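**Q** Structure provided below as structure tokens; questions to follow.
The values are calculated or read from the model by the stated rules, or taken from the named source; none is laboratory data. No experiment lies behind these values; they were computed from the predicted model shown. When we count neighbours, we look across all protein chains shown, and the Cβ atoms used for this are built from the backbone with ideal geometry, even at glycine.
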Amino acid sequence: MRLRCALFECCFTSPSSDTIPKCSKLKWRIFPYKELAKATNNFDQLHCLGKRGSAIEYHGKLDDGREIIVQRFKEDKRYTLQQFVNETVILNYLPHKNIVSIYGCTSHHEESLLVHEYLVNGNLAAHLQSERAVNNTLTWLTRLDIAIDIANALDYLHYYGIIHRNVKSRNILLDVNFCAKVANLHLSRKLPDGVPVNGTHVTSDRVGSCGYIDPEYLTKGQLSVKNDVYSFGVVLCELLSSNLAKYWVLNEEDNIASLLHRKIENQALLELFDPSLGFQSNLQIKRMMTATAKLALFCMQCPQQSRPDMEQVVEILNGIKQGRYETNSKTKALKIFHHAELQEATDNFNTCLGKGGYGSVYYGKLQDGREVAIKCFHDENDTEETIKQFLKETEILSLLHHQNLVSLYGRTSHHSNKHMLVYEYISNGTLSKHLHESSSGKLPWQARLNIAIETATALVYLHDSGIIHRDVKGSNILLDENFTVKVADFGLSRSLPDHVTHVSTIPVGTRAYMDPDYYESGRVSDKSDVFSFGVVLFELISSNPPGSMVGTDYVTLAQFAKRKILNQELNAVVDPSFWLASDKNMMEMVTAVAELAFQCVQCPKEFRPSMKQVLETLEGISKGTWGFSQIT
């Protein structure tokens, strides 16, 4: 075992929070050789499953009832033993529901033996080879789930810088429920120290299987996690067609990627699909399979850098399963940033832009020159709810793209213990800063009206997309160098299903901006955002914060403004500098916006206009053609 530990040290060095632990903590069971001989009837030929790589596999059954696979590595060579240690260490220290479990190992004379769990449904290749000859046991939805399982396993390995190097359908095993588990990691390779997880290492050590191997790895020795992405694209093609890789190409000059590209270009993609999967009679299945084929081509793009990461592949596949079919290489793919990359970009998180209940936001600059704002969740807040907020914001901003929504460049991995989101940096800060901090210059009226219009435009887009923001406020309205609005912070947002007027949820948001109907009933709707936007309008015309102390009572700006407007004391609401301007046209616009804000904060919510009506009114006010009366 000392030799194996020494080899392990050689292959997997410099452990850190993002790498594999050292072999001093090896915990797998050392089986007595006699126990494995008994389990396999002394390695009887009837128990032999065949040769896989440099190992011969046997089926067996332990005394405790567990069925096992025993791999016998007979050649006593350093390379072979290194493969054995590779697989042993990876399976022992990176347990995952979609990676075959190791039960233990042993050695006997000149051979090493590795003991895996046995999966009753065998390997994916065997099922696909028999699909066209017998009744189809793998439906399309089962195949899609298998693809998601494989992608999850590879994503997990890649997070630790481990490249499988032999992804193929024969190395994908299926349990009794047809859940997939990736097997045979003995050819796996960890990227060397100093090479980032998303980097490339040139090597002369090239392994893999014909039809699945990345052409750039084969011809140039470019080892990276993108090698596995290419191979996974081939497996997707097999799942779509029920044909193994060796049957896909027509001549030696062809390859799966070029064939798939031609079929897509010639609108002949359906010719490649297995007709037994039901796409001819089911439009939903046809769309899912078409989107999956486009993803397969995306995975096999050259150069390697144009391929998605496996974490992006997982997101795309889950989207296809949920009915988001327009997913291909032109789709915005969020980059998965590693902690070290963001640490460098922020000079070790040196410049804090602001703090909130979720954590802090830091300024940074990426290697490509882009300025970014990095939202870093507090470690102590890494609860299930925080992670849910992190994922929700990621999902919304990766699907929605609008000139008045802040752009999300990427995020840290799901597997990271540091949850961070990487946004475009908006240089002029928040609307609240410009309205309420004395150090900021006074925003002129026309700039304020434009800010209102652009914020309303963003909210209309969200509502049309079935999204309720739930935290519309001045500090979530960012301004770029031209004072263009970028609405931010979607961690509390909720989807509103079609034909549903509201959803019930625990009230969240900022109290001074929160819809009283929502706060009391727990039923949030798009009219809740309208209320919050009404408060923002009152901020714009008054320059006052959304809540303040009056005597011993806390009074919201909405309560104060409504009372004053009802008492015909609008002058108490409007910023005095606007009255002093003696501009009749401007005062008519300010008055119209005040009346619109008054309508937005009405209760019950049925009395409020929609955001679309609000936007039309604001645009009319800006042009001098619309007033409040036209939406009542």
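**Q** Give Asp274, Asp214 a once-over and let me know the one that is buried (at least 18 other Cβ atoms within 10 Å of the Cβ), acidic (Asp, Glu) and over 30 Å from Glu117 (Cα atoms).
**A** Asp274 is the lone residue from the list that is buried (at least 18 other Cβ atoms within 10 Å of the Cβ), acidic (Asp, Glu) and over 30 Å from Glu117 (Cα atoms).
**Q** Quick check on my filter: what residues within segment 221-242 are over 27 Å from the mean Cα position of the chain (by Cα) and at pLDDT 90 or above?
**A** Answer for segment 221-242, where residues must be over 27 Å from the mean Cα position of the chain (by Cα) and at pLDDT 90 or above: Ser241, Ser242.
**Q** Could you name every one of the helices (runs of 4 or more DSSP H) located completely within segment 258-357 that has at least 1 residues being within 18 Å of Leu240 (Cβ to Cβ), among the hydrophobic types (A, V, I, L, M, F, W, C) and modelled with pLDDT of 90 or more?
**A** 283-299, 310-321
**Q** Mind checking which residues of segment 573-600 are among the hydrophobic types (A, V, I, L, M, F, W, C) and modelled with pLDDT of 90 or more?
**A** Once the filter is applied, which keeps residues that are among the hydrophobic types (A, V, I, L, M, F, W, C) and modelled with pLDDT of 90 or more, segment 573-600 yields Val573, Val574, Met589, Val590, Ala592, Val593, Ala594, Leu596, Ala597, Phe598, Cys600.
**Q** Pull up segment 458-484, narrow it to residues that are under 26 Å from the mean Cα position of the chain (by Cα) and of a type in the set (S, T, N, Q), then point me to the one that is surrounded by the fewest Cβ atoms within 10 Å (Cβ to Cβ).
**A** Selected residue: Ser465.
Residues are listed down the side, and each one gets a yes or a no for (1) at pLDDT 95 or above; (2) more than 11 Å from Leu405 (Cβ to Cβ); (3) touching a Lys or Arg at 6+ places or on another chain (Cβ under 8 Å):
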| position | (1), (2), (3) |
| --- | --- |
| Ile453 | yes, yes, no |
| Gly466 | no, yes, no |
| His469 | no, no, no |
| Leu496 | no, yes, no |
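**Q** Next question. Which condition does Ser416 not pass, out of (1) assigned to a loop (DSSP other than H, G, I, E, B); (2) at pLDDT 90 or above, if it passes all the others?
**A** (2)
**Q** Enumerate the strands (runs of 3 or more DSSP E) found wholly within segment 1-104, keeping only those where 2 or more residues are of a type in the set (Gly, Ala, Ser) and either closer than 22 Å to Lys168 by Cβ or at pLDDT 85 or above (or both).
**A** Output list reads 55-61.
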